[in-house]
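K.L.:
Here you go, one structure.
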Amino acid sequence: MKSTAFKKEGEEFTIWFLEGILEKNPNYVDCLMYLGNAYTAHGMYEKGLQIDQRLCSLRPKDPILYYNLACSHALLKNIDAAFDALEKAILLGYNDIHHLERDKDLTYLREDVRYRKLVEKIKQH
């Protein structure tokens, strides 16, 4: 009997593979990060958000994880939650303005006055 894994291709295979790893090791942070990215790349924003929330609970002082959480919220148009997560990322040390200004995931935030304030906060540090 052939495995169904070989019928999956590309991102679908990646997601299947990573989910399988997490069944055995549910707190494998690197795997969770890859899975969250795969979900988002595949347009599965709700699942990506769940992964990002889980990652933030596992590593509550990691600014990159809060940045990713902000992106997930922004993609789902959860604007207030996105700003909360982005502000937390900045408070924890996130300072990559170059990436922030070009990240398409944050498109819905850029029209809000809070976005400019956060960019200014990064520039001051």
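The values are calculated or read from the model by the stated rules, or taken from the named source; none is laboratory data. Keep in mind that what you see is a predicted model, and the values were worked out from it rather than measured. Cβ sites come from the backbone with ideal geometry, for glycine too, and all protein chains shown count toward neighbours.
K.L.:
Restricting attention to segment 3-13, does a residue exist that is crowded, with 18+ Cβ neighbours inside 10 Å and small (Gly, Ala, Ser)? Steps first, answer last, please.
P.N.:
The initial filter retains those residues of segment 3-13 that are crowded, with 18+ Cβ neighbours inside 10 Å, namely none.
Among the residues of segment 3-13, not one is crowded, with 18+ Cβ neighbours inside 10 Å and small (Gly, Ala, Ser), which makes the answer no.
K.L.:
Which pairs do you get when a residue that is on the phi < 0 side of the Ramachandran plot, found in segment 95-107, comes within reach of a residue that is among the small types (Gly, Ala, Ser), reach meaning Cβ atoms under 6 angstrom, with the pair 6+ apart or on two chains?
P.N.:
Close Cβ pairs satisfying both conditions: Asp105/Ala74; Leu106/Ala74.
K.L.:
Here's another thing I want to ask about it. Can you tell me which residue in segment 1-57 is farthest from Tyr67 (Cα to Cα), limited to those that are at pLDDT below 95 and polar (S, T, N, Q)?
P.N.:
Out of the qualifying residues, it is Ser3.
K.L.:
With the structure loaded, tell me whether Tyr66 is under 30 Å from Glu23 (Cα atoms), touching a residue at least 24 places away in the same chain (Cβ under 8 Å) and surrounded by 15 or more Cβ atoms within 10 Å (Cβ to Cβ) or whether it fails that test. Outline the logic, then answer.
P.N.:
Numbers: under 30 Å from Glu23 (Cα atoms): yes; touching a residue at least 24 places away in the same chain (Cβ under 8 Å): yes; surrounded by 15 or more Cβ atoms within 10 Å (Cβ to Cβ): yes.
So Tyr66 passes the test.
K.L.:
Does Ala41 count as crowded, with 16+ Cβ neighbours inside 10 Å and of a type in the set (Gly, Ala, Ser)?
P.N.:
Judged against the criteria, Ala41 is not a match.
K.L.:
Please specify each residue of segment 95-112 satisfying the condition of being outside any helix (DSSP H, G or I) and within 14 Å of the chain's Cα centre (by Cα).
P.N.:
Here is the first cut: in segment 95-112, the ones outside any helix (DSSP H, G or I) are 95-96, 103, 110-112.
The one that is outside any helix (DSSP H, G or I) and within 14 Å of the chain's Cα centre (by Cα): Asp103.
K.L.:
Is there any pair linking a residue in segment 108-123 that is on the phi < 0 side of the Ramachandran plot to one that is small (Gly, Ala, Ser), with Cβ under 7 Å and at least six apart or on different chains, and which?
P.N.:
Partner pairs satisfying both residue conditions: Tyr108/Ala74; Leu109/Ala74; Leu109/Ala82.
K.L.:
Looking only at segment 50-57, decide whether some residue is surrounded by 12 or more Cβ atoms within 10 Å (Cβ to Cβ), part of a helix (DSSP H, G or I) and touching a His at 6+ places or on another chain (Cβ under 9 Å).
P.N.:
Of segment 50-57, the ones surrounded by 12 or more Cβ atoms within 10 Å (Cβ to Cβ) are 50-56.
Then keep just the ones that are part of a helix (DSSP H, G or I); that gives 50-56.
Now narrow it down to the ones that are touching a His at 6+ places or on another chain (Cβ under 9 Å): 52.
The answer is yes; a qualifying residue exists.
K.L.:
Sort through Leu118, Leu86, Leu106 and tell me the only one that's closer than 24 Å to Ile15 by Cα, touching a helix residue (DSSP H, G or I) at 6+ places or on another chain (Cβ under 7 Å) and not aromatic (Phe, Trp, Tyr). Lay out the reasoning, then the answer.
P.N.:
Details: Leu118 fails: closer than 24 Å to Ile15 by Cα; Leu86 fails: closer than 24 Å to Ile15 by Cα.
Only one candidate qualifies: Leu106.
K.L.:
Looking at the structure I just gave you, is Ala85 more than 10 Å from the chain's Cα centre (by Cα), more than 17 Å from Asp103 (Cα to Cα) and either assigned to a helix (DSSP H, G or I) or at pLDDT below 95 (or both)?
P.N.:
Against the criterion (more than 10 Å from the chain's Cα centre (by Cα), more than 17 Å from Asp103 (Cα to Cα) and either assigned to a helix (DSSP H, G or I) or at pLDDT below 95 (or both)), Ala85 does not qualify.
K.L.:
Does segment 32-55 include one or more residues that are of a type in the set (Lys, Arg) and farther than 23 Å from Lys123 by Cα?
P.N.:
Yes, segment 32-55 contains at least one residue that is of a type in the set (Lys, Arg) and farther than 23 Å from Lys123 by Cα.
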